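**Q** I'd like to ask some things about the structure below.
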Amino acid sequence: MKSIHFSCKKHGIRRRIPSIGLALVLLISLASCASSCTELERTSLLQFLTELSQNADLIKFWQGTDCCKWEGIGCDKNGTVTTVSLPYKGLEGRISQSLGNLTDLQHLNLSHNSLSGGLPLGLVSSSSIIVLDISFNQLSGDLHELPSSTHGYSLQVLNISSNLFTGHFTSTTWKGMQNLIALNASNNSFTGQIPSHLCNISPSFSVLELCYNKLSGGIPPGLGNCSNLRILKAGHNNLSGILPKELFNVTLLEHLSFSSNGLQGTLDGTHIIKLSNMAILDLGENKFSGMIPDSIGQLKRLQELHLNYNSMSGELPSTLSNCKNLITIDLKSNIFSGELNKVNFSNFPNLKTLDIMRNNFSGTIPESIYSCRNLIALRLSSNKFHGQLSEGLGNLKSLSFLSLANNCFSNITNALQILQRSKNLTTLILGPNFMNETMPDDTTINGLDNLQVLAIPDCLLSGKMPFWISELENLEILFLQGNRLSGPIPTWINTLGFLFYLDISNNSLTGEIPRALMTMPMLTSETAAHYDPRIFDLPVYEGPSFQYRKPIAFPKVLNLSSNKVTGVIPPEIGQLKALISLDISCNNLTGPVPPSIGNLTNLEVLDLSNNNLTEF
C-alpha cells in the first residue's frame, strides 16, 4: 500500500490532491458483466437516487433492468455490484442507507460532490466495503461508536476529508477496524487529541492524515507502536508539547508533517537519524529552537525540508550536502546565521525551491547554488548578503522566481544584465538594494520578456523611468516607489497591455499626469480582459505578513503620490473604471477635481490630499 497518498490542503484553496482513486487503481478492477444485477441491488441504487435533491440527471442514464450497465456502477463476472463510483457529479442531498443493501459492494466513491447530512455508519462498518471515499462534500455530525460486528470490518481505506465532521476520536470509534490501512480525516472540525490506538487495532495501519482540524494536546507516544506507518500528517491544528522520542521508532516513516501547530523543543540528532526513509519533513510554523543537527545528512532520501517560521538558529550543517535528493528547502523566518558556503549546493541536482528569507545569513551567494540547473524559485531576501551578483546566476535557465530584497547587493546595472539571461523569470524582486545608484537606462536589457512582476522599490535610485521596462510586454505589476527617479511620467506605460498595478510613489517625477495613463487597457475595462490563472512559485509578500499567491489577487492600483507632478487631473480619469485604489496625493496638482472621477465606482481607496485642488 505504499502508493496510498492523500494531501492536506485547506478549504478555499485550490487543492492538488492525489485522489484516493490512486488507491483504487490498486484495488479496483471493473470486470465485464456476465449477468444482470439483482432486483434488490437495482432497487437499492434507485432508492439512493431518489433521496438526492440533485442527481446530475443520473436517472436518465440509470435505465433498464441491468444496473451493471449504469454509469458509475461496476460489477463482477457474476453480475454483482461491487463498485459505485460517482465523483464530481454535482450530487446534492443525503447519502441513503439503501447503499448498505449492496452486500458485495467493495468500493464506494462519492467524493467531490455537495452531499450533506450524516454518514450512514453502516457503510463504515460494512462487511464488504474495502474503500470508502466521501471526501469534499458537506457531510456533518460526530462519528459516534460504530455498530458492533462479530465478523469485523473489511474497510481498508477511509477518506472523509474536507467535510464538516465534528467530535472526538474516542477509543471505541474505530473498534473492529483491524483491516484499516489508511485514514484521511483532514479539513474537518474534529477536536480532542490525536488517536493513538489505531495501530493497536490495525497492525497494518500505514496512513494517518488529520490536517486542518481543531485537535489539541500533545503528540501521543503511542504512535510509536505504528511500525508500518509511512505517512503521518497533522498540520494546522492546535497541538503542543515536544516530539516524543517514541515517534522516532517508526522507522518506515516517509512523510511527517506537523506544520502550523504550537510544538516546541529541538531536533535531537540521535533520534532523527532513525528516520532513514524520510522523504518529506515538515515542521514549519511551530516554536522549535536550536540548530539543525549534523545527523540530518543521514536522511539520504529526503526530498523536502520545511522548518520555516520557527526560532531555529546557528549555521547550516555541512552534512546537509549529503541529502542529494532534496527538491525543496524552506528555512524562512528563523534566526539562522553564518555563511551558506558550508553547504555544497552542487550536490542538489533536483533542487527546485530554496527559500531562506528573513534570517541572518551573511557573506556572498555561494557559487555552488548556480549549479542547481533545475532551480525554479530562489528567495534570499531579508538577510545580510552583500557584493555583486555573479555571472553564474545567469546559468539558472529554469529560474522563474527570484527575490533578493532587503540585502546589501550592489551594481544594479550588472545585476540586470546578468538576469536577462534567465529567460523564464516571471517574478523579480530586487529592492531595497543597490542604494543610491543610478537606474540603468540601457536598451540592451531586453531579455526579461516573461516578467509579470518587477519590484525595485526603496533603493533611492536616481535617473529616469527606464525605457527598457516598456519592452516587458507581459508585465502586470510594477513597483518603483521609494526612489529618486526624476523627469516626466513616460507615456509608454499605456503600451503595457497587461499592467494593472503601478506604484511609482515617493520619487521626484515632474510634469503633468499624461493622458496616456487614462487609456491603460487593464484599468479601463471592468472585465477580466486578461485572466492570469498562474500561481506564483513562492508567495509575493507586501509587508511582513501580507502575501499574494497569484497575480490576479493583487488589486488594480495607480499610485502616483509623493512626487512633483503638476497640472490638472485629466478629465479622462473617469475611464479607469477598473481601479480599486487611486492615490495622487502629495503632489502639486491644481484646478478642479473632475466630475468624471465619480465614474470610478469600483474604488475602495481614493486619496487626493495635499495638493492645490479646488472643488468640482
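**Q** Report the residue count in the range 344-371 for those that are polar (S, T, N, Q) and either modelled with pLDDT under 95 or over 18 Å from F409 (Cβ atoms) (or both).
**A** The number of residues fulfilling the criteria is 7.
**Q** Got a sec? Which of S486, S505, S470 is polar (S, T, N, Q) and in a strand (DSSP E or B)?
**A** The conditions single out S486.
**Q** Determine if the range 169-188 includes at least one residue that is part of a helix (DSSP H, G or I) and of a type in the set (A, V, I, L, M).
**A** No: zero hits.
**Q** Moving to a separate point now. Could you say which residue among N238, N228 is surrounded by fewer than 23 Cβ atoms within 10 Å (Cβ to Cβ) and closer than 17 Å to N179 by Cβ?
**A** N228
**Q** If you don't mind, another one. All but one of (1) in a loop (DSSP other than H, G, I, E, B); (2) closer than 18 Å to L40 by Cα; (3) modelled with pLDDT under 95 hold for H144; which doesn't?
**A** In the conditions (1) in a loop (DSSP other than H, G, I, E, B); (2) closer than 18 Å to L40 by Cα; (3) modelled with pLDDT under 95, H144 misses (2) alone.
**Q** With respect to S259, is the statement that it is modelled with pLDDT of 95 or more and assigned to a loop (DSSP other than H, G, I, E, B) true?
**A** It is true that S259 is modelled with pLDDT of 95 or more and assigned to a loop (DSSP other than H, G, I, E, B).
**Q** Here's a follow-up. Which residues, taken from the range 370-421, are in contact (Cβ under 8 Å) with a residue 60 or more places away in the chain and of a type outside the set (S, T, Y)?
**A** Within the range 370-421, I376, A377, R379, F401 qualify.
**Q** Exactly one of these conditions fails for E315: (1) crowded, with 18+ Cβ neighbours inside 10 Å; (2) in contact with a strand residue (DSSP E or B) (Cβ under 8 Å, 6 or more places away or on another chain); (3) under 22 Å from L375 (Cβ atoms). Give me its number.
**A** Of everything listed in (1) crowded, with 18+ Cβ neighbours inside 10 Å; (2) in contact with a strand residue (DSSP E or B) (Cβ under 8 Å, 6 or more places away or on another chain); (3) under 22 Å from L375 (Cβ atoms), E315 misses just condition (1).
**Q** Another question, then. Out of all the residues in the range 521-532, is one or more touching a residue at least 40 places away in the same chain (Cβ under 8 Å) and of a type in the set (V, I, T)?
**A** Looking for residues that are touching a residue at least 40 places away in the same chain (Cβ under 8 Å) and of a type in the set (V, I, T), one finds at least one in the range 521-532, hence yes.
**Q** Of all residues in the range 384-393, how many are crowded, with 18+ Cβ neighbours inside 10 Å and either β-branched (V, I, T) or part of a helix (DSSP H, G or I) (or both)?
**A** Within the range 384-393, residues that are crowded, with 18+ Cβ neighbours inside 10 Å and either β-branched (V, I, T) or part of a helix (DSSP H, G or I) (or both) number 1.
**Q** Please specify each residue of the range 40-93 satisfying the condition of being without any contact (Cβ under 8 Å) to a residue 24 or more places away in the chain and among the charged types (D, E, K, R).
**A** Within the range 40-93, D57, K60, E71 qualify.
**Q** Looking at the structure I just gave you, is N322 over 29 Å from G262 (Cα atoms) and modelled with pLDDT under 95?
**A** Judged against the criteria, N322 is not a match.
The values are calculated or read from the model by the stated rules, or taken from the named source; none is laboratory data. Just so it is clear, the structure is predicted and the values come from calculations on it, not from any experiment. Glycine also receives a Cβ, built like all others from the backbone with ideal geometry; neighbour counts cover every protein chain displayed.
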